[in-house]
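Submitted below is the structure of interest, expressed as structure tokens.
The values are calculated or read from the model by the stated rules, or taken from the named source; none is laboratory data. These numbers come from a predicted model, not from an experiment. Here the Cβ positions follow ideal geometry from the backbone for every residue, glycine too, while neighbour counts run over all protein chains shown.
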């Protein structure tokens, strides 16, 4: 990062950003790519580029774009979300098909389907390639675009032991994060065809995402893509050890069918300890988790977390539950 060659990325003159975007497009199987500040920005740019104000997007009911992105697709893009239920974050293609609207002067026009793979709130679960393919087929038959929130798409690919392009080949656009499991300090990628990315550039600028000498950041993104993908398997192994260990602790339940990548969602089954009390107790051991109130907690494995750290965490949680 310190030695990165830089230029002005707003004018496409930063060679390190250009190199990152070319590498990212190849890795994900798309024609072109755009470096953005965050996954939330990338998803919002995708919606702005695909949709007109007053149009409708079909989303899974607990997806990140609906749950954690501050309503940006409505507040800033003017797009109406239409929600579909799923099982562990995997929508049934037939349920999505039921959400398609007929042309009617009273209805908003459905323009976009948004998918999330892996699915955050479901516990890092994977949408199988055949399901992705079928949803895209149904959407494209109706003239809809399909955008993939693939923040952790490389986790899905590593877990399935497939090339990530198998999971992105049918979607029109994809966003993935260089941070999270790939461990860069900042940044995400939005990818699609060249015409889409040219339009998306203006929305990135509109949202304040013209970052000038951004090669300092892009250099870390290049390392993320060149060095940090294959090691995601270690995170998955550690998450499995963690999930299986926690499932044996009285007062804790874990649905091990959802422990597919690098996340473990646990549920506390004691009346006198809720999510926040549990996290406060956990913090005393210098261990952090994400709240899923009233009784659930998310734990995530990542670079720098060793197997020894996992065993320490299991021991700490066992002590917490025994005390409470």
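Grab the strands (runs of 3 or more DSSP E) fully contained in segment 7-92, keeping just those with 2 or more residues being modelled with pLDDT of 95 or more and over 29 Å from residue 259 (Cα atoms).
Working: elements: 32-36, 56-60, 80-84.
Output list reads 32-36.
In the set 214, 316, 219, which member is surrounded by fewer than 20 Cβ atoms within 10 Å (Cβ to Cβ), over 18 Å from the mean Cα position of the chain (by Cα) and either outside the structural domain of residue 164 (by TED's automatic domain parsing) or in contact (Cβ under 8 Å) with a residue 24 or more places away in the chain (or both)?
Answer to the check: 316.
Another question, then. Any idea which residue in segment 63-83 is nearest to residue 147 (Cα to Cα), counting only those that are surrounded by 18 or more Cβ atoms within 10 Å (Cβ to Cβ) and touching a residue at least 40 places away in the same chain (Cβ under 8 Å)?
Applying the filter and picking the extreme gives 65.
I'd like to verify a number: residues in segment 109-146 that are crowded, with 17+ Cβ neighbours inside 10 Å, in contact with a strand residue (DSSP E or B) (Cβ under 7 Å, 6 or more places away or on another chain) and farther than 22 Å from residue 263 by Cβ, how many?
Residues meeting the conditions: 10.
Condition first: more than 22 Å from residue 90 (Cβ to Cβ), outside the structural domain of residue 125 (by TED's automatic domain parsing), out of contact with any helix residue (DSSP H, G or I) (no Cβ under 6 Å at 6 or more places or on another chain) and assigned to a helix (DSSP H, G or I). Can you find one or more residues in segment 283-305 that meet it?
Yes, segment 283-305 contains at least one residue that is more than 22 Å from residue 90 (Cβ to Cβ), outside the structural domain of residue 125 (by TED's automatic domain parsing), out of contact with any helix residue (DSSP H, G or I) (no Cβ under 6 Å at 6 or more places or on another chain) and assigned to a helix (DSSP H, G or I).
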